[in-house]
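Participant: Here it is: the structure, laid out below.
Please treat every number below as a calculation from the coordinates, not as lab data. Please read all numbers here as calculations on a predicted model, not as lab measurements. Note that each Cβ is placed from the backbone with ideal geometry, even for glycine, and that neighbours are counted across all protein chains shown.
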Amino acid sequence: MTVHRTRSSIATLLGTALAIASPLAGSAEPAADAAASKLAHGKYLVTIAGCNDCHTPLVMGPEGPERDMTRMLSGHPESLVMPPRPVLPEGPWGAVAAATFTAWSGPWGVSFTANLTPDPETGLGKWTLQNFRDTLRTGRRMGRGREILPPMPIPMYKNLTDEDIESIFTYLQSIPAVKNHVPEPLPPPEPPAAK
Amino acid sequence: MRIGMLLASLAASLAHATQAPEPLPSSLHDTGLYAEPSGLQVRPENRGFTPQYPLWSDGATKHRWISLPAGQSINASQAAVWDFPRGTKLWKEFSVDGRRVETRMIERLEDGDWRFSAYVWNEEQSDATLVPSDKSRTVSLPGGRRYRIPSEADCRACHAGAAVPVLGFSALQLSTDRDPLAPHAEPARADDLNLHELIAKGMLVDLPRELSETPPRIAAPTPAGRAVLGYLHANCGQCHVDPKLSGSAVPVELQLAHDPSDATAGTKTIHTLLDSASRYSSAGAADARLIVPGDPQGGTLLARMRSRDPRIQMPPLGSAIPDLEAIVLIEYWIEQDLKNNQETSQ
């Protein structure tokens, strides 16, 4: 974290230096272009990193399962109360998913995908960039709450650069807010009692 | 010319910012805590202190010390956000069943940042060794109990979100008006540093006059309410704090950190607890309340304090055993004081 803070300080200083130096050089990128570029990069990353795969519910369409983009990135629908998890037979099957792909059951328990829209009460509307960065870096909600559960690929996403994380956050804050209170995860089943 | 000077100044600042701090010593003995290279006598300039509302650490016994750079003082003009001088160090020693297990250290570096570390004690109890900070470690204690040494990220989870990363050394915690009902209250030791001595010796400056003249005390309508608010401040307030006070704080509406300069802070917290819906809700259970007056089983605050399921528990880390003494206190407060409206009638 010392490293992060120092990097941040350096970035701030370099940014200040560039802000001063750039007008002299006459090569300043207009701020609006920079913001648009950041937004576009965030949209690109969200698209190719598979965020919609789990955070946008699947519905059955005429051609089969498709993403319900009216609820884009709003997580597990609160209206869909899941029945008890299925009990898997012994063997190599380890996890099951709801037809929406927004509820997952495995050895970790049952996880429900989060609402990533900027709704202030049920999504990320009150989050700061640092809350978002701390979540991805530490695998804990906002860096200090409960651990983020599978299938969220935290071990991979924690390697995102600060710039990528900022772009993703900027894009997520720009999408339509959806009010959807995602339920909390459920613990794994109790191990069978010893006979 | 002016631009050139600015750039030169920035370059100097950049050089300062990139100056790496000294690496942490591998031995606790080299951190400056002890007087002798191999003994366990604490240096006299490292002063012990005992906060009146201790953090629950699964029953571990704790000793705490602080070292301020010679001739420097803490600025307390913001009563709830003390500004510690660069070079400040604090240690906290954890013992279980009479054996030292770990000692944690936090220090303020020259660039103003804070550094966190943990040292684990050896079998002989003669020294403690720096633990790599990348991930938490679990050690086995005699009797088979497992004990978790925090990673640096774990340390920051609690300390970095607070208004100031030093949690147990504050006007309220060091007040000489100590709460006799505080769960796990430890009696102050004779040579402990307290608020009165800090002010008298010039180690603390600019504390608002009302706090320096009258020792801080949580104003609550009942004795149990005072102890509950103190407990929640010490165990929850590091995250449940006004986000404006810390850039990395979580955006919580339930704020439990106590501002000793606000005489109405206790009443405000009680009303927040009673008026707020819980943001936590299990599947199919919407509109949960934090607290239901008269019904200790009815709210999510105690439900999460009772749980040690990592998906549910509060605090979310740092404890594997529920704090029964605190739970009983809060149950009493909800069942008696809140039911009888003693907390809300004033």
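Participant: Please list, in order along region B:261-272, the HN-Hα scalar couplings obtained from phi with the Karplus expression 6.51 cos²θ - 1.76 cosθ + 1.60 (θ = phi - 60°), rounded to whole Hz, x for Gly and Pro.
Facilitator: In residue order, the calculated couplings are 8, 9, 5, 9, 4, x, 4, 4, 5, 4, 5, 4 Hz.
Participant: Please give the average number of partner chain Cβ atoms lying within 10 Å of the Cβ of each residue in A:129-138, rounded to a whole number.
Facilitator: Working: counts 1, 7, 7, 0, 1, 7, 0, 0, 1, 5.
Across the residues of A:129-138, the mean count of other-chain Cβ atoms within 10 Å is 3.
Participant: Further, regarding this structure: Show me, for region A:49-56, the HN-Hα J-couplings you get by feeding each phi into the Karplus relation (A = 6.51, B = -1.76, C = 1.60, θ = phi - 60°), rounded to Hz, glycine and proline as x.
Facilitator: Going residue by residue, I get 7, x, 4, 5, 3, 10, 8, 10 Hz, with x marking Gly and Pro.
Participant: Please figure out what share of the DSSP beta bridges in region B:21-213 is antiparallel and state it in percent, rounded to the nearest 5. All intermediate terms of the calculation are to be shown ahead of the outcome.
Facilitator: Values: 34 of 36 bridges.
Antiparallel bridges make up about 95 percent of those DSSP assigns within region B:21-213.
Participant: Can I ask one more? In debye, nearest 20, what is the charge dipole magnitude of chain B about its Cα centre with +1 on Lys and Arg Cβ and -1 on Asp and Glu Cβ, if you could check? Mind showing how you got there, number by number?
Facilitator: Numbers: 34 positive and 42 negative charges, 98 e Å.
So the dipole magnitude of chain B works out to roughly 460 debye.
Participant: Moving on. Percent relative contact order of region B:223-338, based on C-alpha pairs within less than 8 angstrom and at least six residues apart?
Facilitator: Numbers: 149 pairs, mean separation 25.3, N = 116.
Result for region B:223-338 is 22 percent.
Participant: Express as a percent, rounded to the nearest 5, the fraction of DSSP beta bridges in chain B (both residues included) that run antiparallel. Mind dumping the intermediate values first?
Facilitator: On the way: 36 of 38 bridges.
Roughly 95 percent of the DSSP beta bridges within chain B come out antiparallel.
Participant: Then there is this: So if we plug the beta-carbon distance of B:Ser136 and B:Asn341 into 1/(1 + (r/R0)^6) with R0 = 45 Å, what FRET efficiency do we get, rounded to 0.05? Could you put the intermediate results ahead of the total?
Facilitator: Working: r = 44 Å, r/R0 = 0.98.
Efficiency for this residue pair is about 0.55.
Participant: At a Förster distance of 41 Å, what's the computed FRET efficiency of A:Ala95 paired with A:Asp162, Cβ-Cβ distance as r, to 0.05? List each step's numbers first, then the result.
Facilitator: Numbers: r = 32 Å, r/R0 = 0.78.
After rounding, the FRET efficiency stands at 0.80.
Participant: Then there is this: What range in chain B is the longest one free of trypsin sites (Lys or Arg not before Pro) that are in a loop by DSSP and have at most 14 other Cβ atoms within 10 angstrom? All intermediate terms of the calculation are to be shown ahead of the outcome.
Facilitator: Working: sites that count: B:Arg86, B:Lys135, B:Arg145, B:Arg189, B:Lys201, B:Arg308.
It runs B:202-307.
Participant: Quick one: of A:Lys38/A:Lys126; A:Lys38/A:Lys158; A:Lys43/B:Lys268, which pairs are farther than 30 Å apart, Cα to Cα?
Facilitator: Values: A:Lys38/A:Lys126 20 Å; A:Lys38/A:Lys158 19 Å; A:Lys43/B:Lys268 42 Å.
Beyond 30 Å: A:Lys43/B:Lys268.
Participant: In the protein assembly as shown, what % of DSSP beta bridges are antiparallel (nearest 5)? Kindly include the intermediate steps, with their values, before the conclusion.
Facilitator: Numbers: 48 of 50 bridges.
Bridges in the protein assembly as shown that DSSP calls antiparallel: roughly 95 percent.
Participant: Using a Cα-Cα cut-off of under 19 Å, which lysines could be cross-linked to B:Lys92, ignoring same-chain neighbours fewer than 8 residues away?
Facilitator: Within reach: B:Lys62.
Participant: Something else about it: So how far apart, in nm, are the two label points at B:Asp242 and A:Ser79 if each is 7 Å from Cα heading toward Cβ?
Facilitator: That separation, rounded to one decimal, is 4.1 nm.
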